[in-house]
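S.K.: Provided herewith is a single structure, encoded as structure tokens, for subsequent inquiry.
Any read-out appearing in this document is the output of simple, stated calculations on the displayed coordinates, not a laboratory observation. Keep in mind that this is a model prediction, so the values were computed, not measured. Glycine also receives a Cβ, built like all others from the backbone with ideal geometry; neighbour counts cover every protein chain displayed.
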Amino acid sequence: MVLSAATVVIFLIIGLAGALPLGVACGFLNTIPFLGVLLATALPLAAALLQYDSAAPFITIGISIPILHLIAVNYMIPRLIGPRLMIGPVATTVGMLFWGWLWGVMGLFLAVPLTAFLKLVADSNPRLAALSTVLAHEPETGPTSVPLANRALHKTRFHFKKLLPRS
């Protein structure tokens, strides 16, 4: 919504006809992975082509839409959505690759919700703790890893002491 509102404001400032529907459409198109920024830039440029003769509105649209997209993708979305989903960026990227491979464009649309759903299922089932750790934003080490390592080290020392004669 914030991205759509900012886009509408920019379109109103340059006087683009149909600023509200174009801004809302650009905001939604920006959420499409990979091609969203290109589609969100091409749509208002096509509308401006029918309305303007000078280059200034085209330059404004061509610069402002990608900048807004970069701000939204790199700052707003990770800050607002990332902590709520509690999935890591690597898990999100791998999820997008997997779901996009499996279902194409629709898989790309559903990649983040499906990956978050897998994380939720893994969190609720103790047998899927390893999957939950892999998908986690901040994986936790198990509390048994340090004591097990200490026990193994203690056993190894004990066996070496029995094998080596004292001198």
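S.K.: Pulled fully out, how much extra length does the chain show between ALA129 and LEU80, if you take 0.36 nm times their separation in residues and subtract their Cα-Cα distance? Don't skip to the answer; put the middle values down first.
M.R.: Working: separation 49, 0.36 × 49 = 17.64 nm, distance 2.57 nm.
15.1 nm is the gain from fully extending ALA129 to LEU80.
S.K.: Sticking to Cα atoms, compute the Rg of the stretch 1-113 to one decimal and its Dmax as the biggest Cα-Cα distance, whole number, in Å.
M.R.: 15.5, 48
S.K.: May I ask you to evaluate 6.51 cos²θ - 1.76 cosθ + 1.60, the Karplus curve with θ = phi - 60°, for each residue of the stretch 39-46 and list the ³J(HN,Hα) values in order in whole Hz, giving x for glycine and proline?
M.R.: Each residue of the stretch 39-46 in turn: 5, 5, 7, 5, 4, x, 5, 5 Hz.
S.K.: From the phi angles alone, apply the Karplus equation (6.51, -1.76, 1.60; θ = phi - 60°) to the stretch 52-66 and give each ³J(HN,Hα) in whole Hz, x where the residue is Gly or Pro.
M.R.: 10, 10, 8, 8, 4, x, 5, 5, 4, 5, x, 9, 6, 5, x
S.K.: Name the residues whose placed amide hydrogens come within less than 5 Å of the amide hydrogen of ILE87, ignoring near sequence neighbours (fewer than 5 apart) on the same chain.
M.R.: Long-range HN contacts for ILE87: HIS137.
S.K.: Over the stretch 2-80, calculate the relative contact order: mean separation of alpha carbon pairs under 8 Å at least 6 apart, over the residue count, as a percent.
M.R.: Here the relative contact order equals 29 percent.
S.K.: Here is a follow-up. Give me the number: length gained by fully extending LEU38 to ILE71, i.e. 0.36 nm times residue separation minus the C-alpha to C-alpha distance, one decimal in nm.
M.R.: Length gained, LEU38 through ILE71: 10.4 nm.
S.K.: Between TYR52 and LEU102, what is the label-point separation in nm under the 7 Å Cα-to-beta-carbon projection?
M.R.: That separation, rounded to one decimal, is 4.3 nm.
S.K.: How much length, in nm to one decimal, is gained on full extension between PHE117 and VAL24, taken as 0.36 nm per residue of separation minus their Cα-Cα distance?
M.R.: That works out to 30.7 nm of additional length.
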